[in-house]
Amino acid sequence: MSAVLSVEAYSLDYRLRQGTARVLDGVNITIGRGEVVGLVGESGSGKSSLAWAIMRHLPRNAVEAGGALRLGGLDLRGLDAAGVQAVRGRRIGMVFQDPSTALNPTLRLGEQVMEVLIRHRGLTRPEARDAAEAALTEVELRDPAALMRRYPHEASGGEKQRVVIATAFATQPELILFDEPTTALDVITGARILELFARLREHTGVAALYISHDLGLVSRVADRVSVLRRGRIVEEGTPAQVFRAPAHDYTRGLVAAVPRPERRLVADAPGSATVLAADALSVRYGRRRLFRPPPPPATEAVTLAVREGEILGVVGESGSGKSSLARGLTGLASFGGAVQAAGRRLDRPGAMDRAYRRAVQIVFQHPDSSLNPRMRIGEILSRPLRLHGGATTEIPALLEQVRLPPDYARKYPHQLSGGEKQRVAIARAFAARPSIVICDEITASLDVSVQAQVIELLLALRRQHGTAYLFITHDLNLIRQIAHRIAVMQRGRLVDLREAAAIDAPDAHPYTRALIAASPTPVG
């Protein structure tokens, strides 16, 4: 098999204030036509740095310390600016983790696909319009002509990722780099994207480097796997060889961290008292307008209760209403129906007083968005302490509680890793001494080992404080490990609610069974 991509003894450094850091060290990877090589490793292992090096889009402080990057017989490192422009997008495509950041918010979707076709295939505008519509049809988008007239914010996450994939394939490249392409998507949408990729790959024979921290996902799509640790390839082989019989300790650790439904992490039963309940809760966005029908509710008449010390999982695809439920329960969105807590029934956010907001805390998916970048960690934690009757002297203990050193109080969020920032967000929630913490996709962007550490931390805090969790996620394998019960939402409605052990029972809702079928099979 002739090589489409050859990475030979490639090393890369970043110049930093405190010196030089090696991020890739003697990496060797070969990908043949029609082959998919999976690249796995923890955050900071160098996966994305390798992709950017292949795309010739390195930051200014990057120094290539040795080795070769070849596309067929072309030396990528030897290209000048014009050569890079001729290759990037035409012979090498890329699909990013977050389609929202990959698409220009000021341009219609059709214009963005057409621009690539005009630039790289030399088509006229009428030809590019027809080719763009055909490309969107190829990725199974409904009504491509209408979608071409829409802006990115008018499309769902799955639709936007299909547009990005259509754009990448439209230039008929030899190689496509996939950098966590389904991380921001729910399991059903992610499964559809993978099915689409498999079909397009078979049809085009494109080679692919598939970067992901989801080992189950990689085992499903890759022909071979390379495991990257601190810039070095420590193990490679077929998915069966690497994940079922890992030879390196690091790989064994990654495999051990993968969630498995049969390996339950919570054995105790919750209490009988209710700490938080939704009573026919409905959340609707947008304003009513004269002579127009009201917008459809994001969450419609949801009724459920969380018991003392219980972990209640909430699952469903994007747009099912999971996060809107969280926003209603915390008063971040107006709602119909009622919320009940501490023996009180509340019918509007304004009725949620300080006692309620102390008892019901939330941790968001992206700590970068929820932590003030201008404040030190100590300042971030001092605010809930002062608000809810604590003292700033508790900050070192709060940090130690989430397994961070006390001197982190002097740091800013940008000086922390993603997992460390999420620990700070958890510490902020527990500063209020809550009865329940709502966790909204808090592990979605974390690699498997860091995810396992965060979950272990949450379970330890629960044992220490008796805290209940409403745990929103699209990872069914994870929630089946830790939840007492699982609620399933579809199109704003609660369609299933049952014990976690019975989630795959024959009488489960068809949508529940579809979610389970779409979940990546645990490896090992």
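Tabulated results
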| quantity | calculated |
| --- | --- |
| Qualifying positions in region 506-524 - within 18 Å of LEU312 (Cβ to Cβ) and small (Gly, Ala, Ser) | ALA508 |
| Subset of region 238-265 that is exposed (fewer than 13 other Cβ atoms within 10 Å of the Cβ) and part of a helix (DSSP H, G or I) - its residue that is modelled with the highest pLDDT | ASP249 |
| Test: residue in region 150-170 that is within 22 Å of the chain's Cα centre (by Cα) and among the acidic types (Asp, Glu) | yes |
| Scope region 13-66; condition more than 21 Å from LEU175 (Cβ to Cβ), among the charged types (D, E, K, R), crowded, with 18+ Cβ neighbours inside 10 Å and in contact with a strand residue (DSSP E or B) (Cβ under 6 Å, 6 or more places away or on another chain); matching residues | ASP13, ASP25 |
| Subset of region 193-227 that is surrounded by fewer than 20 Cβ atoms within 10 Å (Cβ to Cβ) and among the charged types (D, E, K, R) - its residue that is nearest to GLY41 (Cα to Cα) | ARG224 |
| Residues of region 171-191 satisfying the condition of being assigned to a loop (DSSP other than H, G, I, E, B) and of a type in the set (Val, Ile, Thr) | THR171, THR182, THR183 |
| Strands (runs of 3 or more DSSP E) within region 421-522 that include 3 or more residues modelled with pLDDT of 95 or more and not aliphatic (A, V, I, L, M) | 493-499 |
| Answer residue from region 96-124, given it is farther than 25 Å from ASP179 by Cα and surrounded by fewer than 13 Cβ atoms within 10 Å (Cβ to Cβ) and is modelled with the highest pLDDT among those | THR124 |
| Residues (closer than 19 Å to THR303 by Cβ, in contact with a Gly (Cβ under 9 Å, 6 or more places away or on another chain) and touching a residue at least 40 places away in the same chain (Cβ under 8 Å)) located in region 475-509 | ALA483, HIS484, ARG485, ILE486, ALA487, VAL488, MET489, GLN490, ARG491, GLY492, ARG493, LEU494 |
| Of all residues making up region 383-420, the number that are part of a loop (DSSP other than H, G, I, E, B), farther than 21 Å from THR467 by Cβ and over 28 Å from the mean Cα position of the chain (by Cα) | 0 |
| Boolean, THR101 is farther than 28 Å from GLN85 by Cβ and part of a helix (DSSP H, G or I) | no |
| Qualifying residues in region 172-215 (those that are modelled with pLDDT of 85 or more and of a type in the set (S, T, N, Q)) - the one farthest from GLY122 (Cα to Cα) | SER212 |
| Within region 337-382, tally of residues that are out of contact with any helix residue (DSSP H, G or I) (no Cβ under 8 Å at 6 or more places or on another chain), in a helix (DSSP H, G or I) and farther than 24 Å from ALA280 by Cα | 2 |
| Candidates GLN361, GLN340, filtered to the one that is more than 16 Å from ARG493 (Cα to Cα), in contact with a strand residue (DSSP E or B) (Cβ under 8 Å, 6 or more places away or on another chain) and buried (at least 19 other Cβ atoms within 10 Å of the Cβ) | GLN361 |
| Selection count where residues are farther than 13 Å from THR167 by Cα and either of a type outside the set (Gly, Ala, Ser) or touching a Cys at 6+ places or on another chain (Cβ under 8 Å) (or both), scope region 71-96 | 10 |
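To keep it simple, each residue is scored yes or no on (1) aromatic (Phe, Trp, Tyr); (2) touching a residue at least 60 places away in the same chain (Cβ under 8 Å); (3) more than 30 Å from THR189 (Cα to Cα); (4) touching a helix residue (DSSP H, G or I) at 6+ places or on another chain (Cβ under 7 Å).
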{"position": "ARG77", "(1), (2), (3), (4)": "no, no, yes, no"}
{"position": "ASP80", "(1), (2), (3), (4)": "no, no, yes, no"}
{"position": "VAL84", "(1), (2), (3), (4)": "no, no, yes, no"}
{"position": "ARG88", "(1), (2), (3), (4)": "no, no, no, no"}
{"position": "GLN97", "(1), (2), (3), (4)": "no, yes, no, no"}
{"position": "ALA102", "(1), (2), (3), (4)": "no, yes, no, yes"}
{"position": "PRO105", "(1), (2), (3), (4)": "no, no, no, yes"}
{"position": "GLY110", "(1), (2), (3), (4)": "no, no, no, yes"}
{"position": "VAL113", "(1), (2), (3), (4)": "no, no, no, yes"}
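Residue-by-condition table, conditions (1) under 15 Å from LEU185 (Cβ atoms); (2) assigned to a loop (DSSP other than H, G, I, E, B); (3) out of contact with any Cys (no Cβ under 9 Å at 6 or more places or on another chain):
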| position | (1), (2), (3) |
| --- | --- |
| VAL116 | no, no, yes |
| ALA134 | no, no, yes |
| ARG142 | no, yes, yes |
| ARG150 | no, yes, yes |
| LYS160 | yes, no, yes |
| ALA166 | no, no, yes |
| PHE169 | no, no, yes |
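The values are calculated or read from the model by the stated rules, or taken from the named source; none is laboratory data. Treat the numbers as computed from the prediction; the structure is a model and nothing was measured. In this analysis, Cβ positions are derived from the backbone assuming ideal geometry, glycine residues included, and neighbour counts consider all displayed protein chains.
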